[in-house]
Amino acid sequence: MLSDALWFLKRSDDWVATTIIGGVLSLLSVLVLPAIILQGYFVRAMQAAANGERAAPSFTDWGGLFVDGLKLFVVTFVWALVAVIPAMLLSVIIGIGTFTVSEAATGSAAASSAGGVGLGIVSVVLGLLVFALSLLAAYLAPAAGANFAIEGNLGAGFDVRTILSGALTGEYAVAWLLALVVAAALGFIGGLLFVVVVGFFILFYAQVMTYYLWARGFANATGKGQQSTQSTGW
């Protein structure tokens, strides 16, 4: 699977042009339109990966890319709320607790100390909860995006039963971990080369690999798409 992901973009007939376009869009992704179009391309890449295609798609039908990218953004944003909402609640609770402790400080030292310890314990527990939910969202969001890309409709991105059935498998877990390694390794190299712009093209290549792995792993886990006859092992 990892070998297929590595050569997925390179096997495209116009991989140089695709990489250049993708790198430029990555460079301009601080703007809304290029970022959404780039997301749309990743939807196409996931569809190709799930269907067992050996080569990455080209940048065509830009209007369609925008629509698909917008839908993928919605799916990712909603799943990110799984972590964002608890984090916001944590901030509110800590803020209220800090105010309460500061008020208690005007009373006995023992009450103030007990309040501080209690606030610390609650903060640690809630912090761990937010971390766990953030990790869960980071794990499930790619599966949701892959299901949306495979099915081709927005509702599939929120089909919790199907998403969980694919995500809670060894095939998807391995693919997710491989994508994490690829993103970390090539992302680090790309980050170092930001100053010479080349890094954006490396980051695009790494992103294509990660989306390939997510979609391929999810497709293998759920039996969706077409199993690739070229994929062997990792």
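A short reminder: the numbers here are calculations on the coordinates, not readings from a lab. Computed from a prediction, not measured in an experiment: that's the story for all the values here. Neighbour counts run over all protein chains shown; Cβ positions are idealised from the backbone, glycine included.
Points worth noting:
- Those residues of the stretch 16-50 whose amide nitrogen sits under 19 Å from the label point placed on SER58, 7 Å along Cα→Cβ: 16-25, 38, 40-49
- Sorting 42-55, 123-136 by their mean Cβ neighbour count within 10 Å, with the most densely packed peptide first, gives 42-55, 123-136.
- Taking packing as the residue-averaged number of other Cβ atoms within 10 angstrom, the listed peptides 174-181, 140-147 run from highest to lowest as 140-147, 174-181.
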